[in-house]
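Notes for the one structure printed next.
The values are calculated or read from the model by the stated rules, or taken from the named source; none is laboratory data. In this text, all values refer to a predicted model and were calculated from it rather than measured experimentally. Every residue, glycine among them, receives a Cβ derived from its backbone with ideal geometry; neighbour counts consider all protein chains shown. For the accessible areas, the whole protein counts, side chains as well, though only heavy atoms, and no ligand, DNA or RNA atoms are used. Shrake-Rupley method; radii C 1.70, N 1.55, O 1.52, S 1.80 Å.
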Amino acid sequence: MRAQTKLAAIVAALIVLTVGFVWMQSDDGPKEASTAAERSALVRPDSRILGEKGDGKVTFVEFLDFECEGCRAAYPYVEEMREKYGDEVTFVVRYFPMRGHFNSERAARSVESAARQGKFEAMYAKMFATQEEWGEQRKPLDDLFRGFAEELGLDMAVYDADYSSTEVKERIQRDIADGESLEVRGTPTFYVNGKPFQPQYVEDFEKVLDEALGR
């Protein structure tokens, strides 16, 4: 087996272990967003988008936790899909910090605070790039995340106010509530055009998007 294939298999296995365990907690896994209320819960008008909106035909949604190893494993493959399908597919991020991850809610607040200064994608990428440094620690890392904000050149007075604001905390909680209403149990949880998508192999990302695009 080639090294690249081996690496892909390892990463895919990690995604499957993470997502598959979550789906086994429910007989049917996450719900399909088939009603108007469910579609609204899946993507809000102000949901964060990676890059630009696609042409409107296909929407790819990920409920994620920045401290989740499975989310970090999926990250480079989502980036590959963005590079290939960015003009056609809208890639939406929903915050879903898990209670068992001590700093995941803080990380989400940091990303959302950066987003309010036009740096959503930069902080999103920063969290995954540094996850091995800060993940799985049982102490608050607000200062570390603040350092990331400084590195990105944010207005720190605005960042500090947003990071501790009720508005940002409620934004995170709304994403969690939306996920729970769709019976999302963990991360990463993917949807394509309202239908839950559980990858078994890395190639499944491309396959599901090609099918949604009618190829």
Return the total of residues in segment 198-208 being open to solvent by less than 20 Å² (accessible area, probe 1.4 Å) and at pLDDT 95 or above.
-> 1
Any chance segment 126-137 includes a residue that's basic (Lys, Arg), open to solvent by 50 Å² or more (accessible area, probe 1.4 Å) and closer than 24 Å to Val202 by Cβ?
-> yes
Can you tell me which residues in segment 104-162 are among the basic types (Lys, Arg) and assigned to a helix (DSSP H, G or I)?
-> Arg106, Arg109, Lys126, Arg146
Long-range neighbours under 9 Å by Cβ, at least six apart or interchain, first residue farther than 27 Å from Ala37 by Cβ within segment 183-209, second assigned to a loop (DSSP other than H, G, I, E, B) and of a type in the set (Ser, Thr, Tyr) | Lys207/Tyr201
So, in segment 61-103, of the ones that are hydroxyl-bearing (Ser, Thr, Tyr) and in a helix (DSSP H, G or I), which residue ends up most open to solvent (accessible area, probe 1.4 Å)?
-> Tyr75
Residues satisfying the stated conditions in segment 34-60, i.e. touching a strand residue (DSSP E or B) at 6+ places or on another chain (Cβ under 7 Å) and assigned to a loop (DSSP other than H, G, I, E, B) = Val43, Ser47, Gly51, Lys53, Gly54
